[in-house]
Amino acid sequence: MHQKIKILLKLQKQDAIRDKIIARLREIPSLIKEEETLSGQVEEEVKQIKADLKNLQIKIKEIEINIQTSKDFIGSHKEKLNTLKSNKSYKKMQDEISEKDKEISDAETRELELLGDVDQKTEELKEAESRLLSKKDEIKISREKFQRESQQLEKN
């Protein structure tokens, strides 16, 4: 009878171990899925930062075009200044040129701000891409670990 109790206790221990193994095997797919979800979130972040960078570059290009247009306007009006006959016309054109100079100055200031934003977004992109690579490495390591663990548990 004593021997039967020992065998029964050993079987109970093995059942408990088996239950733990089965529970762990069931966890593995969800753990992998969780890792992949986190990786997907970082990938989306990278895409968003790239889109933001593209939009900033478009805005900068628009500003540069506007600045060049304003400079062309000023150049043509400065040439016309010498041909004007009245002081009133001369003053009006000078005011228009001054207004365009101010627009250029404001646009150049805005361009510098956007260039600063580009620098910041570029840094964010580098960090996000680094996190993405790390996350992908973590997933690879986790999968290998889970695969080894799964194989080991199935052997037992």
Roughly how tilted is helix 2-81, in degrees to the nearest 10 and between 0 and 90, from the longest Cα axis of the chain? 10
Got a sec? Charge dipole of the chain, +1 on Cβ for Lys and Arg, -1 for Asp and Glu; which of L38, T109, Q48 is way out at the positive end? L38
16 Å Cα-Cα reach of K33 towards lysines, excluding residues that sit fewer than 8 places from it in its own chain: K135, K136, K140, K145
Note down the magnitude of the dipole of the range 2-155 about its Cα centre, charges +1 on Lys and Arg C-beta and -1 on Asp and Glu C-beta and zero elsewhere, to the nearest 20 debye. 1060
Pairwise label distance in nanometres, K80 with Q152, each label 7 Å out on the Cα-Cβ vector: 8.3
Report, in degrees rounded to the nearest 10, the 0 to 90 angle that the Cα long axis of helix 87-155 makes with the longest principal axis of the chain. 10
Using a Cα-Cα cut-off of under 29 Å, which lysines could be cross-linked to K102, ignoring same-chain neighbours fewer than 8 residues away? K54, K59, K61, K71, K78, K80, K85, K88, K91, K92, K121
With an 8 Å Cα cut-off and a minimum separation of 6 or more residues, compute the relative contact order for the chain in percent. 39
Which of [x] 13.1; [y] 10.1; [z] 8.9 is the computed mean projected area of the Cα convex hull in nm² for the structure on display? [x]
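Between T37 and S134, what is 0.36 nm times their sequence separation minus the Cα-Cα distance? Round to one decimal in nm. Walk me through the intermediate numbers first.
Numbers: separation 97, 0.36 × 97 = 34.92 nm, distance 1.40 nm.
Computed gain between T37 and S134 is 33.5 nm.
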Straight distance only, please: which lysines reach the Cα of K13 with their own Cα at less than 23 Å, same-chain residues fewer than 8 apart left out? K4, K155
Charge dipole of the chain about the Cα centre (unit charges at C-beta), most positive-ward option of P29, L132, T83: P29
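Between Q120 and S105, 0.36 nm times their residue separation minus their Cα-Cα distance comes to what? Before the final figure, lay out each step's value.
Values: separation 15, 0.36 × 15 = 5.40 nm, distance 2.29 nm.
Full-extension gain reported as 3.1 nm.
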Taking loop as defined by DSSP and a crowding limit of 11 other beta carbons within 10 Å, which trypsin sites (Lys or Arg not before Pro) in the range 1-94 fit? K85
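Bear in mind these aren't lab numbers, they're just calculated from the coordinates by the rules spelled out. This one's a predicted model, so the numbers in the text were calculated from it and none came from an experiment. With ideal geometry, Cβ positions are generated from the backbone for all residues, glycine too; neighbour counts draw on all protein chains shown.
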